[in-house]
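Down below is the structure, laid out as structure tokens.
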């Protein structure tokens, strides 16, 4: 259990590690590419290790030294072995979804499975899309959830396919990453609203960096030709905006100052837009080419649609506890299918602190200014719950985080980096 020490004021510099989202996508593109790739500032966390271990089990040679991952590309020709192989992916939804399509390029029977929570997360839309492209895949229990069996023949036929965008943008990203190696042109039509749309743009950006240009009309229709193919390259993984958010929020709730290094404002990471939310709440944001400084101010509540950056809802909800007025967070119903039901989880834990929270089917209303007191915080084995609740402990005494080790999923060194808030630059205001 991790006890969070309150701070009245912060003045700190934090270096943010590589992006988890970019790391997943770049490792897959490099694995399928022609030639050798090197990924510098590779984020070695639980989720990304599931991805590279699975790629290795699919026949991709690679080696990890420090923060550098070297991958010998396969040109899209993956494992060719008879028999069945189990691929266990824990609770890494990103690994599960992105790799499910990739496995169709190998030859063999692959049983994709994971943790108990993973076995409750919807996957039917992606399975059906793969079926439409000529892949023999199915949910073992006929319930629309994992485990999923892929009977791969080493080839994906291709053609047109429609995919609903309402549950996860990762279904579209999965098909896009695999599509350059289909036998025929792949045409993807996204039906209905698309959640977490910036992550699809991030996928297109990574594909472009590895030499594949995708024809598309907005984010609703995509066309990938069979002549396309990834080319190996050297890539430095940019810093993770999602993980930077906890340190921006630390500055916001304490009225202090935090500078986050290794943040590239030209990135396609949608969570960079959280800086606009922070500004609207009353903070000052100073943007430099490779770093961002947030200076806290008097926080005020606001209404915000968080559909494009759902992972930051817990961070915003904690900030809202210390804002004047109420904060309404909307259009994030898909958060109920994450590592935890994040809407229910964050509601329960903020109430445990004394917060006044309204839980809606697709969002939250947080009433700021309530009297708060410390408590033992449940994390639901959800890394983003642990990291966001740490922010509350900067203002509320006796906040203790249970199962604090769950941060290994995306930010293994989080608690070490968190301690930099208390270093020689961290000051306590005079009473």
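The values are calculated or read from the model by the stated rules, or taken from the named source; none is laboratory data. Here the structure is a predicted model, which is why all the values come from computation and not from measurement. Counting neighbours? That spans all protein chains shown, and the Cβs are built from the backbone with ideal geometry, glycine included.
Go through the residues of region 187-200 one by one and say whether even a single one is within 25 Å of residue 58 (Cβ to Cβ), in the same structural domain as residue 76 (by TED's automatic domain parsing) and surrounded by fewer than 22 Cβ atoms within 10 Å (Cβ to Cβ). No: region 187-200 contains no residue that is within 25 Å of residue 58 (Cβ to Cβ), in the same structural domain as residue 76 (by TED's automatic domain parsing) and surrounded by fewer than 22 Cβ atoms within 10 Å (Cβ to Cβ).
Residue-by-condition table, conditions (1) closer than 21 Å to residue 47 by Cα; (2) within 26 Å of the chain's Cα centre (by Cα); (3) surrounded by fewer than 24 Cβ atoms within 10 Å (Cβ to Cβ):
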site: 320; (1), (2), (3): no, yes, no
site: 330; (1), (2), (3): no, yes, yes
site: 336; (1), (2), (3): yes, yes, yes
site: 358; (1), (2), (3): no, yes, yes
site: 370; (1), (2), (3): no, no, yes
site: 374; (1), (2), (3): no, no, yes
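Counting only residues that are more than 20 Å from residue 199 (Cβ to Cβ) and buried (at least 23 other Cβ atoms within 10 Å of the Cβ), region 128-140 holds 3 of them.
Going by the conditions given, is residue 174 buried (at least 21 other Cβ atoms within 10 Å of the Cβ), at pLDDT below 95 and in contact with a helix residue (DSSP H, G or I) (Cβ under 8 Å, 6 or more places away or on another chain)? So residue 174 fails the test. Against the condition closer than 24 Å to residue 420 by Cα and not in a strand (DSSP E or B), how does residue 264 come out, does it pass? In short, yes. For region 57-92, filtering for residues that are in contact (Cβ under 8 Å) with a residue 40 or more places away in the chain, over 26 Å from residue 234 (Cα atoms) and touching a helix residue (DSSP H, G or I) at 6+ places or on another chain (Cβ under 7 Å) leaves 2.
Of the set (1) more than 16 Å from residue 322 (Cβ to Cβ); (2) out of contact with any strand residue (DSSP E or B) (no Cβ under 9 Å at 6 or more places or on another chain), all apply to residue 253 but (1). One residue stands out among those in region 61-88 that are touching a strand residue (DSSP E or B) at 6+ places or on another chain (Cβ under 7 Å) and buried (at least 23 other Cβ atoms within 10 Å of the Cβ): the one that is farthest from residue 44 (Cα to Cα), which is 73.
Looking at 211, 215, 255, can you tell me which residue is assigned by TED's automatic domain parsing to the domain that holds residue 131, at positive phi and over 22 Å from the mean Cα position of the chain (by Cα)?
Unique residue meeting the criteria: 211.
Flag not set for residue 235, criterion: at pLDDT 95 or above, assigned to a helix (DSSP H, G or I) and either over 24 Å from the mean Cα position of the chain (by Cα) or farther than 30 Å from residue 397 by Cβ (or both).
In the set 143, 167, 125, only one residue is assigned to a helix (DSSP H, G or I), surrounded by fewer than 23 Cβ atoms within 10 Å (Cβ to Cβ) and in contact with a helix residue (DSSP H, G or I) (Cβ under 9 Å, 6 or more places away or on another chain); that residue is 125.
Residues in region 213-236 that are surrounded by fewer than 24 Cβ atoms within 10 Å (Cβ to Cβ) and touching a residue at least 60 places away in the same chain (Cβ under 8 Å) were compared, and the one that is nearest to residue 259 (Cα to Cα) is 236.
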